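Read the structure below first, then the notes.
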Amino acid sequence: MNGSGHAARRALLGIVLPVVVIVVALLPLWLFRGRLPQPLATHWNLHGQPNGAMPVMGLVILVTVLAGTAAAGMSVFAWRRNAGRREISVALAAAGFLGGQIAAVNWLTVLANLDAPGWRQAGHLHLPGVLLTVLAGGALAAILAWLGRGLENTAPAITGGMPSAGLAPGARAVWVGRARAGWVLWAVTIGSFALAILTSFRAPVAGVIPCIVGLACLVFTSIRVIADRAGVRIAYGPFGWPVQRVQLADIRQATMLHVEPMAWGGWGHRGSLKIMKRAAIVVRAGEGLRLELTGERTLVITVDGAEQGAGLINDLLAAGR
Amino acid sequence: MGRIAGSLFYYCYSINITMLIAIDERSTEPLFRQIASQIRRAIAGGKVQAGQRLPAARELAGSLDVNLHTVLRAFGELRDEGLVEMRRGRGVTVLGRRQQADLRQSARVLASEARRQGLSGAELLRLVKEYL
């Protein structure tokens with residue numbers, strides 16, 4: 001494998017292009033900042049007449065969030081290592097399409113508003129222009145798909161052999177492990193709750209979404225992993241709920257590995273055992289437990305003391321056979 | 001509400017421990033002693049630090065397939081030794097007297113070895129006194 005070529009391509013796809021998408025999307029707002037009505041027209045009816053407006057700052061925030069989401073999508077998939085070639089290409093193309101379209105739509109919006117005395121006097125949004133946005137999205141999607149075509153499964157090798165905890169035959173045992181999130185997840189959690197409180201002052205309903213995001217993040221700020229004769233249980237968050245269970249009978253073997261969150265698609269519960277036959281519970285970088293399940297499925301869990309846990313699971317499996 | 005906030009705050013800085021507990025029913029040692037002994041060894045080995053929480057008694061009892069009272073008795077023994085603290089709603093936290101745990105564990109090993117060799121309690125005490 002040409003590792004350095006891949007690294008350069010990943011950097012281009014995962015860092016350079018996402019930044020370019022955000023910059024290009026926001027550029028017209030900065031370039032023409034003195035020549036736009038306040039608020040500016042952001043929505044047009046089928047005849048091309050403006051029928052909706054938004055403060056300039058509102059559009060800046062909206063475009064930042066949308067372009068940021070597309071850029072984050074590109075970034076995540078570019079660094080992803082546990083996916084097949086086609087999966088990466090398609091995901092990159094989708095993120096690129098979204099990013100290209102957002103950038104193009106923002107350019108059209110700003111140009112239509114240029115030098116208008118008020119948003120109702122903003123220019124028409126013509127059909128060719130709208131088609132152009134689809135073309136821009138398509139072009140970026142094609143570039144990303146082409147660049148991403150060679151990036152394939154280079155999942156890091158399992159470290160060490162088959163661990164054992166040295167459980168005596170006939171003995172019973174339990175292993176309890178835990179993992180705590182780093183500051184990033186805590187910052188997002190606290191930020192979301194702060195946003196929820198702040199938006200609630202304006203409109204209580206608006207606080208619901210950041211509150212849900214905050215709760216979803218809170219659940220991943222720590223996990224507890226319990227391995228015993230029943231199998232493996234993963235209890236999430238401060239309340240130990242929800243709980244995910246894996247039956248011992250469904251486990252073929254357990255090993256330890258090093259987890260890079262970006263290689264698994266980021267933090268949280270990534271993938272799906274049912275659909276992708278691969279899932280990862282990622283709350284931090286570092287050591288993790290890798291469970292090879294029946295039906296060629298793999299579950300990865302970031303947890304401290306993973307080697308001891310993997311050892312006990314293997315011993316329990318050996319005792320049951 | 002205050003209780004939820006309190007336990008959330010507690011959660012932010014307290015840590016659950018990572019440990020392995022194995023018990024063997026065929027051993028002559030009672031099960032609660034085996035459990036206490038392994039927790040003590042984890043504290044003595046420095047794997048478990050002050051402020052960390054032990055797994056809930058009910059959870060351990062379920063996983064190890066022993067009576068809840070067996071686990072509670074093990075926790076009680078560790079509390080009496082001053083190694084852990086039991087507080088309502090907060091579970092069992094380690095006080096982190098590592099050296100004390102180490103010494104107690106050594107004493108326990110010494111006692112069981114003496115028993116195995118057929119020494120009486122008085123004889124063992126006399127033996128220990130020789131080194132004081």
Out of (1) at pLDDT 85 or above; (2) assigned to a helix (DSSP H, G or I), the one residue A:36 does not meet is (2)
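Could you please find all residues in segment B:100-132 being under 29 Å from residue B:61 (Cα atoms) and without any contact (Cβ under 8 Å) to a residue 12 or more places away in the chain?
The first filter runs over segment B:100-132 and keeps only residues under 29 Å from residue B:61 (Cα atoms), leaving B:100-113, B:115-116.
Answer for segment B:100-132, where residues must be under 29 Å from residue B:61 (Cα atoms) and without any contact (Cβ under 8 Å) to a residue 12 or more places away in the chain: B:103, B:106, B:107, B:109, B:113, B:115, B:116.
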Members of segment A:169-181 found to be in contact (Cβ under 8 Å) with a residue 12 or more places away in the chain, touching a strand residue (DSSP E or B) at 6+ places or on another chain (Cβ under 8 Å) and not aromatic (Phe, Trp, Tyr), listed by number: A:172, A:173, A:174, A:176, A:177, A:178, A:179, A:180, A:181
For residue B:44, state whether it is in contact (Cβ under 8 Å) with a residue 60 or more places away in the chain, more than 7 Å from chain A (Cβ to nearest Cβ) and either touching a strand residue (DSSP E or B) at 6+ places or on another chain (Cβ under 8 Å) or hydrophobic (A, V, I, L, M, F, W, C) (or both). yes
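Kindly establish whether residue A:166 is in contact (Cβ under 8 Å) with a residue 60 or more places away in the chain and buried (at least 18 other Cβ atoms within 10 Å of the Cβ).
no
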Can you find a residue that is in a helix (DSSP H, G or I), closer than 29 Å to residue A:303 by Cβ, of a type in the set (Gly, Ala, Ser) and more than 14 Å from chain B (Cβ to nearest Cβ) anywhere in segment A:195-214? no
Of the residues A:249, A:227, A:187, which is in contact with a helix residue (DSSP H, G or I) (Cβ under 6 Å, 6 or more places away or on another chain), among the aliphatic types (A, V, I, L, M) and either surrounded by fewer than 19 Cβ atoms within 10 Å (Cβ to Cβ) or closer than 18 Å to residue A:281 by Cα (or both)? A:227
Since residue A:218 meets every condition but one in (1) within 12 Å of chain B (Cβ to nearest Cβ); (2) assigned to a strand (DSSP E or B); (3) touching a Pro at 6+ places or on another chain (Cβ under 9 Å), which condition does it not meet? (2)
Taking first residues from segment A:224-239 that are more than 8 Å from chain B (Cβ to nearest Cβ) and second residues anywhere that are among the aromatic types (Phe, Trp, Tyr) and buried (at least 19 other Cβ atoms within 10 Å of the Cβ), the pairs with Cβ under 6 Å that are 6 or more apart or on different chains are A:227/A:175
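Regarding segment A:248-263, can at least one residue be identified that is among the charged types (D, E, K, R), assigned by TED's automatic domain parsing to the domain that holds residue A:305 and either more than 24 Å from residue A:316 (Cβ to Cβ) or at pLDDT below 90 (or both)? Talk me through it step by step, then tell me what you get.
Start the filter on segment A:248-263 by keeping residues that are among the charged types (D, E, K, R), which leaves A:250, A:252, A:260.
Still in the running and assigned by TED's automatic domain parsing to the domain that holds residue A:305: A:250, A:252, A:260.
Still in the list and also either more than 24 Å from residue A:316 (Cβ to Cβ) or at pLDDT below 90 (or both): A:260.
Yes, because at least one residue in segment A:248-263 is among the charged types (D, E, K, R), assigned by TED's automatic domain parsing to the domain that holds residue A:305 and either more than 24 Å from residue A:316 (Cβ to Cβ) or at pLDDT below 90 (or both).
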Mind counting the residues in segment A:172-194 that are outside any strand (DSSP E or B) and farther than 30 Å from residue A:207 by Cβ? 0
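The values are calculated or read from the model by the stated rules, or taken from the named source; none is laboratory data. If you're wondering where the values come from, they're calculated on a predicted model, not measured in any experiment. Cβ coordinates were reconstructed from backbone atoms using ideal geometry, including for glycine residues, and neighbour counts include every protein chain displayed.
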